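First up is the structure itself, then whatever we jot down about it.
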Amino acid sequence: MYPVINIRTYTKGDSFHSIYNMNKENIQEALSKYRNHLKASGVVTTEETEKGIRCVLFDMDGVLYNSMPNHAIAWTNCMRQFGIRMTAKDAYATEGARGIDTIRDFAKRQADKDLTLEEAQKIYDVKTDYFHQLPTAKIFSGVIDLMRKIKASGVTIGVVTGSGQRPLIKRLLHDFGEFFDEKHIVTAYDVTRGKPYPDPYLMGLRKCGNCQPWQGIVIENAPLGVRSGVTANIFTVAVNSGPLPDSALTKEGANLIYKKMTQFRDDWDILVDDFKR
């Protein structure tokens, strides 16, 4: 496993550039800070970080699909059925983690119960049923255009999700089959430690051709997912599509933050060019 360092592009006291007015200088500054952290840690040399991007790893819920409102409803309804308290805010805060890990954590903290994996899976299956009773979530505007740009740049696309729901994986392949196949998808069942650990994104690097961390970009929307990408030493872009404050993402080390995917789509060419400098 690659060495893990704690990357913090923006720390307390830094002048954080507004996500609504990102420009070339902001992007160059973020990339420079990321590279300086890598080099200072001894993980990589300057020359290695300037060879360009080889892969982009997308989270699924809240990044590709506007599905988090549905997940919040499904989580609160399911957990209530089993006597566990979970709010919509909790659902957003724990997004990205494997569902069975979230269930076991809440059961332990609230009822001091040590659920087995099998018991947690049964509860997760109920949550899945609630989710699929809700309207189908739409693809976020800008996602398809961004993927076309990434593909045109010769960069491999992968998806790293904490979900293990087979219908959702099938939908991914139906909606985005022109950009990646199932071999480039990491699910909850591909790792034993989910987000916020680095394992899912390290697995994503391997599935995209055994890339090194500095050859990839993570696109996330959740604090746990950002932490996963950052602790995997990957340049991590946050798209804050939900109700959490930006500070929830910056404190986890997001290198860049956008409000909408369309904004990041418009900056893709700048970022890919700067990665080669």
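The values are calculated or read from the model by the stated rules, or taken from the named source; none is laboratory data. Predicted model only: the values in this text are computed from it and were never measured. Counting neighbours? That spans all protein chains shown, and the Cβs are built from the backbone with ideal geometry, glycine included. These accessible areas exclude ligands, DNA and RNA; they are computed on the full protein's heavy atoms, side chains included. Shrake-Rupley method; radii C 1.70, N 1.55, O 1.52, S 1.80 Å.
Among the criteria (1) within 22 Å of Lys259 (Cβ to Cβ); (2) of a type in the set (Asp, Glu); (3) surrounded by fewer than 20 Cβ atoms within 10 Å (Cβ to Cβ), the one Asp175 does not fulfil is (1).
Within segment 199-215, residues that are within 15 Å of Asp59 (Cβ to Cβ) reach partners that are open to solvent by 10 Å² or more (accessible area, probe 1.4 Å) and not in a helix (DSSP H, G or I) with beta carbons closer than 6 Å, at six or more positions or on different chains, in the pairs Asp199/Val191; Asp199/Arg193; Pro200/Val191; Met203/Val191; Cys208/Thr156.
Regarding segment 179-188, can at least one residue be identified that is on the phi > 0 side of the Ramachandran plot, touching a strand residue (DSSP E or B) at 6+ places or on another chain (Cβ under 8 Å), open to solvent by less than 40 Å² (accessible area, probe 1.4 Å) and not hydroxyl-bearing (Ser, Thr, Tyr)? Looking through segment 179-188, none of the residues is on the phi > 0 side of the Ramachandran plot, touching a strand residue (DSSP E or B) at 6+ places or on another chain (Cβ under 8 Å), open to solvent by less than 40 Å² (accessible area, probe 1.4 Å) and not hydroxyl-bearing (Ser, Thr, Tyr). Taken over segment 192-206, residues that are in contact with a strand residue (DSSP E or B) (Cβ under 7 Å, 6 or more places away or on another chain) and open to solvent by 10 Å² or more (accessible area, probe 1.4 Å) amount to 1.
Look at segment 108-131: where a residue is touching a residue at least 12 places away in the same chain (Cβ under 8 Å) and a partner is surrounded by fewer than 19 Cβ atoms within 10 Å (Cβ to Cβ) and aromatic (Phe, Trp, Tyr), sitting 6+ places away or on another chain with Cβ atoms under 9 Å, you get Ile123/Phe82; Val126/Phe82. Within segment 85-96, the set of residues being in contact (Cβ under 8 Å) with a residue 24 or more places away in the chain and open to solvent by less than 20 Å² (accessible area, probe 1.4 Å) comprises Glu95, Gly96.
I'm checking my understanding of the structure. Among residues of segment 162-184 that are modelled with pLDDT of 95 or more and touching a Gly at 6+ places or on another chain (Cβ under 7 Å), which one is farthest from Pro135 (Cα to Cα)? Per the stated criteria, the residue is His184. Can you say whether Asn66 is at pLDDT below 90 and within 23 Å of the chain's Cα centre (by Cα), as far as the supplied structure shows? When the stated conditions are applied, Asn66 does not pass them. Quick check on Ser41: is it crowded, with 19+ Cβ neighbours inside 10 Å, of a type in the set (S, T, N, Q) and out of contact with any helix residue (DSSP H, G or I) (no Cβ under 8 Å at 6 or more places or on another chain)? Judged against the criteria, Ser41 is not a match.
Would it be correct to say that Ala248 is modelled with pLDDT under 95 and either small (Gly, Ala, Ser) or under 17 Å from Gly96 (Cα atoms) (or both)?
It is true that Ala248 is modelled with pLDDT under 95 and either small (Gly, Ala, Ser) or under 17 Å from Gly96 (Cα atoms) (or both).
Given the structure, is Thr262 open to solvent by 20 Å² or more (accessible area, probe 1.4 Å) and out of contact with any Leu (no Cβ under 9 Å at 6 or more places or on another chain)? Spelling it out, it is not the case that Thr262 is open to solvent by 20 Å² or more (accessible area, probe 1.4 Å) and out of contact with any Leu (no Cβ under 9 Å at 6 or more places or on another chain). Phe58 satisfies every condition listed in (1) closer than 27 Å to Lys207 by Cβ; (2) open to solvent by 10 Å² or more (accessible area, probe 1.4 Å) except (2). Flag not set for Lys127, criterion: outside any helix (DSSP H, G or I), basic (Lys, Arg) and either within 18 Å of Arg166 (Cα to Cα) or open to solvent by 20 Å² or more (accessible area, probe 1.4 Å) (or both).
Residues that are open to solvent by less than 20 Å² (accessible area, probe 1.4 Å) and among the small types (Gly, Ala, Ser) were ranked within segment 67-84; the one that is farthest from Ile123 (Cα to Cα) is Ser67.
Residue-level check: of (1) at pLDDT below 95; (2) crowded, with 23+ Cβ neighbours inside 10 Å; (3) hydrophobic (A, V, I, L, M, F, W, C), Val272 misses just (2).
No other residue among Gly225, Gly209, Gly229 is open to solvent by 10 Å² or more (accessible area, probe 1.4 Å) and more than 14 Å from Ile150 (Cβ to Cβ) apart from Gly209.
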